[in-house]
């Protein structure tokens with residue numbers, strides 16, 4: 001599954017999250033680029049990233065900074081291997 | 001473990017159908033200077049999309065042949081590319097992580113095993129062991145696969161290495177964007193390095209002692225150390241956040 005994330009770094013906040021089927025990769029890449037163009041034109045510095053993961057659980061495991069605060073990330077140290 | 005071992009003496013040499021290496025590097029020079037024009041963003045996107053076939057082939061192999069679950073990122077963001085060009089004396093055509101993926105594994109033993117498997121699976125690879133030479137506290141193994149004329153980066157991190165990396169990234173987002181590359185307040189940098197060193201120490205101990213899951217004494221000590229570290233981290237995060245609000 002493909003996850004298109006627009007993320008406001010300074011606030012550590014996801015602005016939009018869109019999902020696409022694996023078969024819609026071209027459409028997802030086009031949408032990513034359209035958002036990049038629009039933000040660049042408006043001089044808005046959001047991060048736009050297209051991630052390709054088995055499901056949202058896998059995405060949240062490998063890219064937790066988009067979803068968790070620093071305190072939440074640190075807390076998970078107690079349960080880590 | 002293979003440290004920065006190249007299967008080939010040749011580096012990645014992107015062979016673009018429409019963009020020459022000179023055009024790519026001139027684009028990189030312009031990106032380094034500031035906000036890109038629409039034309040340059042379009043050119044950059046064309047360049048990034050040219051990694052798609054190589055990326056697909058590598059992800060498919062990792063999922064189907066190696067039965068691993070990577071999260072892929074098809075295209076590095078324009079701002080990350082521009083920051084890298086400004087930070088390092090590197091040309092756009094030399095950036096090796098335009099496309100890539102990340103694999104999180106439980107421990108160093110599995111990390112070593114998967115690194116060796118990736119090295120054996122792909123004909124042309126280069127292994128960068130950032131556990132031996134951490135980058136501002138960042139520890140991981142990066143396997144760069146050269147295929148179809150481009151390079152794709154596979155990050156292999158243990159859960160603990162990933163925790164540190166995500167913490168550092170998150171603090172770079174909300175506190176100071178230069179933290180993860182050794183900038184920002186020296187005290188904050190030292191603090192992050194201290195956490196990285198603690199994690200490295202546990203992983204080294206684990207590698208040396210190779211404790212069984214039943215070794216309660218070992219796991220009890222490590223769990224206690226982790227609880228203490230979480231307290232230290234939480235205290236620091238509160239300070240950083242309250243400073244930021246002022």
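Taken together, the values in this text are just the output of simple stated rules run on the coordinates, not laboratory data. Not measured: the values here are computed from a predicted model. We place every Cβ from the backbone using ideal geometry, glycine too, and count neighbours over all the protein chains shown.
Helical runs (DSSP H, four residues minimum) scored at -39500 (n - 2.57) apiece and divided by the length of chain A put the mean residue ellipticity at 222 nm at -11000 deg cm²/dmol. Calculated mean residue ellipticity at 222 nm for chain B: -17500 deg cm²/dmol, from DSSP H runs with n ≥ 4 weighted as -39500 (n - 2.57), summed, divided by the residue count and rounded to 500.
Per-residue Cβ neighbour counts within 10 Å put B:109, B:51, A:33 in the sequence B:109, A:33, B:51, beginning with the fewest. Rounded to the nearest 0.05, what FRET efficiency do residue A:76 and residue B:29 have when you use their Cβ-Cβ distance and R0 = 56 Å? Once the sixth-power term is evaluated, E becomes 0.85.
Separation of the range B:61-136 and the range B:44-60, taken as the distance between their Cα centroids, equals 14 angstrom.
Listed from fewest to most Cβ neighbours within 10 Å, the set A:22, A:52 follows the order A:22, A:52. Using only the alpha-carbon atoms, how far is helix A:25-41 inclined from the longest principal axis of chain A? Give it as 0 to 90 degrees, nearest 10. That helix lies at roughly 80 degrees to the long axis. Counting, for every residue in B:226-233, the Cβ atoms of other protein chains within 10 Å of its Cβ and taking the mean gives 3. Panel note: the C-alpha atoms of chain B, placed on their principal axes, show extents of 61, 50, 27 Å (largest first).
Counting Cβ atoms of other protein chains within 10 Å of each residue's Cβ and taking the mean over peptide A:63-69 gives 5. Residue order for B:202, B:164, fewest other beta carbons within 10 angstrom first, comes to B:202, B:164.
With angles folded into 0 to 90 degrees, how steeply does helix B:38-49 sit against the dominant principal axis of chain B? Use alpha carbons for both and round to 10. Computed tilt is about 70 degrees. Remark: mean inter-chain Cβ contacts per residue of A:24-36 equal 3, using a 10 Å Cβ-Cβ cutoff to other protein chain atoms. Of all DSSP-defined beta bridges confined to chain B, some 75% are antiparallel rather than parallel.
Computed from label points 7 Å out along Cα-Cβ, the spacing between residue B:121 and residue B:83 is 2.9 nm.
Helix B:108-121 and the long axis of chain B differ in direction by around 20°, with both axes built from C-alpha atoms.
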